[in-house]
């Protein structure tokens, strides 16, 4: 084990004290908390716990409605699209819920070389993507960590016509501070890492061997990342391993720790639920399965608790569940995903090398069509990271509402790029109609910014942003 410090900011005794007694809150208390939440001041751990026990249908509906209002106020109709790019499924760990587990002999193992990574990237670019989440199993090839750095560089330098990947986020094993500095120098966007579960006994039970067994090394990874200058980090829990209410409380503790130590919390929160995975009986029968109703309520509560934090929904979930989450707080979704290395180039191959079963198999264009019909504006924007609007600077614009004068025009410009370069006739027509609606709904200042950008894109310019 390589731990140098304990993650004492995760306090199970405090969590259990807050979650006990487990009883439904009175209607008056719920109304009071929702009134506070609608002021976009966030919620405390105790308040999150209180709302988590609401079961009365009329009160649950009010929680969902409050989350919808806050999401609309902060994000408007914007919905960022991205794709995961798996470069390797080789792993040294034995995680009982994951197809990548070291002892899973049924998995077809593969580590992409740099040309294969470039080909995967070209496929994603042809689909219209501008942002990827690079994912690797926790076993490096002979090149060691240089393989990761080379892979990031390959993705960035790969071009197809007017298209390119403009932001590479990464989901990797916990690193040393020095390696995080190297990732920062490689110009990554967000460093994403899922804790899987914050409950120590459960964590020990599902991680049987490998470096991932070290709970504290994993939980303190964001400290090292932020000390190295990476101020955009993305947290998440694999819901289904332990009680979801406990996990929300621990996540709130982690957020509180980052805010107290670094002055800013996570850039994003992800909400993966366990899905069946090859070679894993546990993944097919989650010990603490989360119902759809609780899942939606959980997402809504977290939107109330951390109103300015981005929230991500992957293609683990079905199209119907994903649709339901969009109004409740989700601001980023993956589209056209594959979780097997090389899966984009060979889209007809089976997913035997994938990390888990997908719930949403639609193409990027099908997802774009769907969200447009729902009234959401697909965004392929990557401007904030490249202009330094991250960490404190992002929050300084987000909290007073000024970020909309950057994000909304950028979203429209990048969606126009997609319509010009990648969309079929039906999608283009529906998208142009949506852009007209968005322009009509903008205030004068936004319109004055967005119209010249649109004209530039329609005139052939690319990567137009503010």
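Computed from the coordinates by the stated procedures, all read-outs in this text should not be read as laboratory data. The model shown is predicted, which means the values in this text are computed figures rather than measured ones. All Cβ positions, even for glycine, are placed from backbone atoms using ideal geometry, and neighbour counts span all protein chains on display.
Measuring nothing but how far apart in sequence close Cα pairs (under 8 Å, 6+ apart) lie, relative to its length, the chain scores a relative contact order of 20 percent.
Its DSSP H runs of at least 4 residues, each contributing -39,500 (n - 2.57), put the calculated 222 nm mean residue ellipticity of the chain at -14000 deg cm²/dmol, to the nearest 500. Here the label points at residue 291 and residue 68, each 7 Å from Cα along the C-beta direction, are separated by 2.1 nm in the simple model.
Ordering 130, 209 from the fewest to the most neighbouring beta carbons within 10 Å gives 209, 130.
Of the beta bridges in the chain, as assigned by DSSP with both residues counted there, near 15 percent are antiparallel. Peptides 37-45, 17-25, 323-331 ranked from most to least packed give 323-331, 37-45, 17-25, packing being the mean of other C-beta atoms within 10 angstrom over each peptide's residues. Going by a ≥ b ≥ c, the root eigenvalues of the Cα gyration tensor, does region 157-197 fall in the rounded group (a/c under 1.5), the prolate group (a/b larger than b/c) or the oblate group? Note, shape of region 157-197 comes out oblate. Ordering 129, 207 by the number of other Cβ atoms within 10 Å of each residue's own Cβ, fewest first, gives 207, 129. Taking other C-beta atoms within 10 angstrom as a stand-in for reagent exposure, 297, 373 fall in the order 373, 297, fewest first. For region 2-80, the gyration tensor built on C-alpha atoms gives an oblate shape. Its axis ratio a/c (a ≥ b ≥ c) is at least 1.5, and a/b is not larger than b/c.
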